[in-house]
Amino acid sequence: MIEIRPIAGDDELAAALDLRERVFCGEQGVSLDADRDGLDDAAVQLVARDDAGVLGTCRVLLDGELARFGRLCVAPGARRRGLAARLLAAAEDAARAAGATRMRLHAQTAALSLYERAGFQAGGAPFDEEGIEHLAMEKRLA
Ligand SMILES: CC(C)(COP(=O)(O)OP(=O)(O)OC[C@H]1O[C@@H](n2cnc3c(N)ncnc32)[C@H](O)[C@@H]1OP(=O)(O)O)[C@@H](O)C(=O)NCCC(=O)NCCS
C-alpha cells in the first residue's frame, strides 16, 4: 500500500533528497546546488512511500497566507499512477491547515496539465529556470 504523508525523521528526508537528486539532477540536468537551495529545513516535506521506500516527494514553504509548492517528483517506475496528484492534494491540505489561503508554484511547462487538473491557473510568460521552461501558477485554497 502506498501512503502519502509528512516526512517522518531524518532517514526519510535523506531518501526524499536522494530521489530529488536522481530525478532533477540525474534525469533533468539541474545542478545539485540549485536543488539543495537551503530551504529544505524550513519546508513541510511530504512523501509518497510503500514498504520498500520513498516513491515520490514534494515540499511546501509557508509564508503567512502564501504557500509555495515545489520539488515535486516521482520515481520513474512509479509514474502515471496518480502519485503526483495525490502529493499535490496532500500539500494543499497541509497548507490550508497552516492557514494559507493561496498556493503558488513554478510548473515545468511539460507538467502543466497535472496542475491545471488540480485547479491551478497559469499567469505571465514562460521563463527559464535551470534550463527548463516554467510557468508561474496559482490557486486559491480558501
Ligand atoms: C511530473 C511528475 C511529477 C508526474 O508524476 P506522476 O505521479 O506520474 O503524475 P500523476 O500520475 O499524478 O499524473 C500524470 C500526469 O502528469 C502529467 N505530466 C506532465 N508532464 C509530465 C512529464 N514530463 N512526465 C510525465 N507526466 C507528466 C500528465 O498530465 C500526466 O497525465 P496523463 O497520465 O493523463 O498524461 C513525474 O513525471 C516526474 O517526477 N517528472 C520529473 C520531475 C518533474 O518534471 N517534476 C515536475 C516539476 S514542475
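When residues in the range 108-142 are screened for being under 19 Å from Asp63 (Cα atoms) and free of Cβ contacts under 8 Å to residues at least 60 places away in the same chain, 7 of them pass. Within the range 1-19, residues that are within 17 Å of Arg71 (Cβ to Cβ) reach partners that are in a loop (DSSP other than H, G, I, E, B) and among the hydrophobic types (A, V, I, L, M, F, W, C) with beta carbons closer than 9 Å, at six or more positions or on different chains, in the pairs Leu13/Ile7; Ala15/Ile7; Ala16/Ile7; Leu19/Ala75. Restricted to the range 62-71, and to residues that are of a type outside the set (D, E, K, R) and either touching a residue at least 40 places away in the same chain (Cβ under 8 Å) or near the ligand (Cβ under 8 Å from one of its atoms) (or both), which residue is surrounded by the most Cβ atoms within 10 Å (Cβ to Cβ)? Only one residue tops the list, namely Ala67. Based on this model, can you work out whether Ala122 counts as assigned to a helix (DSSP H, G or I), modelled with pLDDT of 95 or more, within 13 Å of the ligand (Cβ to nearest atom) and surrounded by 12 or more Cβ atoms within 10 Å (Cβ to Cβ)? So Ala122 does not fit the description; no.
Scanning the range 17-54 for residues that are aliphatic (A, V, I, L, M), touching a Cys at 6+ places or on another chain (Cβ under 9 Å) and within 26 Å of Asp128 (Cβ to Cβ) yields Leu19, Val23, Leu32, Ala34. For the range 89-114, a residue qualifies if it is near the ligand (Cβ under 8 Å from one of its atoms) and either assigned to a strand (DSSP E or B) or within 19 Å of Arg20 (Cβ to Cβ) (or both), and the qualifying residues are Leu105, His106, Ala107, Gln108, Ala110, Ala111, Leu114. For the range 72-84, the criterion of being more than 9 Å from the ligand (Cβ to nearest atom), of a type outside the set (D, E, K, R) and under 13 Å from the mean Cα position of the chain (by Cα) is satisfied by no residue at all. Across the range 38-48, the qualifying residues are those that are in a loop (DSSP other than H, G, I, E, B) and touching a strand residue (DSSP E or B) at 6+ places or on another chain (Cβ under 9 Å), and the one among them that is surrounded by the most Cβ atoms within 10 Å (Cβ to Cβ) is Ala43.
Yes/no per residue for (1) small (Gly, Ala, Ser); (2) more than 11 Å from the ligand (Cβ to nearest atom):
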residue: Gln28; (1), (2): no, no
residue: Leu46; (1), (2): no, yes
residue: Arg49; (1), (2): no, yes
residue: Ala52; (1), (2): yes, yes
residue: Cys58; (1), (2): no, no
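The values are calculated or read from the model by the stated rules, or taken from the named source; none is laboratory data. For clarity, every value in this text was computed on a predicted model and none was experimentally measured. Cβ: placed from backbone, ideal geometry, glycine included. Neighbour counts: every protein chain shown.
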